[in-house]
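Working notes, structure below.
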Amino acid sequence: MIEANNPDLRSWIEVPQNSDFPIQNIPFGVAKSKKGTAVVTRIGNTVINLHQLALKNLISFDSKVFDSASLNAMMLLGKQATREIRNQVSMLFRESNQNAKSNPEVLESLLSINEVEMQLPIQIGDYTDFYSSEQHAYNVGCLFRDPKNALLPNWKYIPVGYHGRSSSILPSGVPIHRPKGQKKPNPDGLPIFGNCSLLDFELETAFFTYQGKPIGESITTDEADDYIFGMALLNDWSARDIQAWEYVPLGPFLAKNFASHISCWIVTLDALEPFRVSGPIQDPKVFPYLEYKGDKHIDINLEVAIKPENSTETVVCKSNYKHMYWNMNQQLAHHTINGCNIRVGDCMGSGTISGPNEGEYGSMLEISWKGTKPVKMNDGSERKFIEDNDTVIIRGYAQKNGVRIGFGEVYNKILPAK
Ligand code: MN
C-alpha cells in the first residue's frame, strides 16, 4: 500500500466533514496569493505552500520545482518522486506529528483557501479527447443516426479519439462567452451565421501524463500507470449546432475549441488506487496491445448541476467514471501504438461519461434527448441546453472505508455572446 493512502491517518489540520481533501488525498495545484505563485497541496480548506516547505528543508526536495506557475517541473521528476512528496507531506501533517503543529516555519507555509486564487495547474502541451463511454456513444448514435446501428463498427475495436486544442483549456472559475459560428438549423435550408443556440457541457474526467517515451516507442497497458500523474474534472464545452454542420468529414473543430474547463486540483493516480474496480467484459475480444491485467477502472461519483442567475442549482446528472468501456491504460496504449510520443503535461479527456440509466447521461444533448425532453429546474424554468448566465458545476469524488477523495469542482458561467 502507498503509505500516504492509509485510511487510518488523521491530520492535525482541521478537515470538515465530507471534505474532498482529507490527508489521504494530497492533490497538487498552483496557487496565487499575496506571497506569490507556487506549487501547493491542500488538506481540508488549508492550502500548503510546497515551495516554502522545501526552502526550509521541511520536505527534502529541490525547492526550485515548486517555485513555478505550473506542476510540469515537478512532474518531470516522475512517479517515484511525486509519490515520495505525498508521503513526506503526509508525515508532516499527520496527527501524531505534534512537533510540526507547533513549528512556526510549518505554520508560515499555510494559507486559507479563501486567501488564494487557484491557477491552471499544468502547462498543457497536447490535448486529446477520447469517446470511451459506451452509453454516450450509443445515445449519440441513436440521436444522429439509427438505434439499430447506433455504435459504429469500429467503436469496440478502437478507443476512438481526436486531437483537441490545448490553448483554450481554462481553470475552473473563469467565465466564457457563448460562441458564435455557422449552423444549419433547417435541414432543407441554407446554413446561417449566429450565436450558438445549442450550447452544451460534456461531463468528463481528464488524465495528465508524466514525460512519456521518445517518438517511435509505445507505452503498454502494463506500463501505463507509471506514465499517468493524476486526474481532474473536465467540462468539454460543445456547440451542438455548430458541430452538426461542421463535423463532416474531419470531426470536431470550432464546436469544441472555444473553451474547455478543468478543476484546479490534480488528484494523483496514487491517491485513487484504493478505488479501483473491474471494467466491463469487452466483447469482441480486443487486440493484444489493448489487453490489460487487474482492475484498471476507478469508482468515481460524478454529478452535474446547472445554476441559473440569482437562483439555486439543480442537479441534472449523476454518473460514475466506472461506466467507461475503455480505461486509461488502454487509451494510452492505443495513443502510442503507432509511435506517437507523449510529453509531460499532456491532457487526455475521457469523453462524455454517461451511465446506463436516464438521470446518468453526461450532456444536455442526451438528458433533453436533443431538446425533446426539457429538464424541469428547481426555480420552475426549463432547460434543453445551456442558457446565458447559467453556471455549470461538475463535482466528483471517490469514497471507500470512510475515506473520501474528491476533486472539488469545475464551476463556470456562460456569459452572453460578444
Ligand atoms: Mn468531449
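Residues in the stretch 186-234 that are touching a strand residue (DSSP E or B) at 6+ places or on another chain (Cβ under 6 Å), assigned to a loop (DSSP other than H, G, I, E, B) and either among the small types (Gly, Ala, Ser) or farther than 24 Å from ASP295 by Cα (or both): PRO191, CYS196, PHE201, GLU202. Counting only helices (runs of 4 or more DSSP H) that fall entirely inside the stretch 1-118 and contain at least 1 residues that are assigned by TED's automatic domain parsing to the domain that holds GLY406 and at pLDDT below 95, no element qualifies.
Quick check: is even one residue across the stretch 217-229 within 25 Å of LYS79 (Cα to Cα), open to solvent by 50 Å² or more (accessible area, probe 1.4 Å) and small (Gly, Ala, Ser)?
no
When every residue of the stretch 326-335 is checked against the conditions, none turns out to be in the same structural domain as LYS376 (by TED's automatic domain parsing) and in a strand (DSSP E or B). Of the set (1) more than 21 Å from PRO159 (Cβ to Cβ); (2) within 12 Å of the ligand (Cβ to nearest atom); (3) polar (S, T, N, Q), all apply to GLN243 but (1). Which condition number in (1) under 21 Å from TRP155 (Cα atoms); (2) open to solvent by 10 Å² or more (accessible area, probe 1.4 Å) is the one that HIS297 fails? All conditions pass for HIS297, except number (2).
Being open to solvent by 30 Å² or more (accessible area, probe 1.4 Å) and farther than 20 Å from TYR127 by Cβ, is that true of even one residue in the stretch 163-178? The answer is yes, given that some residue of the stretch 163-178 is open to solvent by 30 Å² or more (accessible area, probe 1.4 Å) and farther than 20 Å from TYR127 by Cβ.
Please work out if VAL392 is under 29 Å from GLU117 (Cα atoms), in a strand (DSSP E or B) and in contact (Cβ under 8 Å) with a residue 60 or more places away in the chain. When the stated conditions are applied, VAL392 passes them. Of GLN119, GLN135, all but one fail to be within 16 Å of the ligand (Cβ to nearest atom) and either open to solvent by less than 50 Å² (accessible area, probe 1.4 Å) or in contact (Cβ under 8 Å) with a residue 24 or more places away in the chain (or both); the exception is GLN135.
Screening the stretch 347-363 for residues that are within 16 Å of the ligand (Cβ to nearest atom) and outside any strand (DSSP E or B) and picking the one that is most open to solvent (accessible area, probe 1.4 Å) gives TYR361. Just one of the numbered conditions (1) surrounded by 15 or more Cβ atoms within 10 Å (Cβ to Cβ); (2) assigned to a loop (DSSP other than H, G, I, E, B); (3) away from the ligand (no atom under 15 Å from the Cβ) is not true of GLY181: (2).
The values are calculated or read from the model by the stated rules, or taken from the named source; none is laboratory data. Here the structure is a predicted model, which means the values were calculated and not measured. Neighbour counts run over all protein chains shown; Cβ positions are idealised from the backbone, glycine included. Surface accessibility is based on the protein's heavy atoms, side chains included, excluding ligands, DNA and RNA. Shrake-Rupley method; radii C 1.70, N 1.55, O 1.52, S 1.80 Å.
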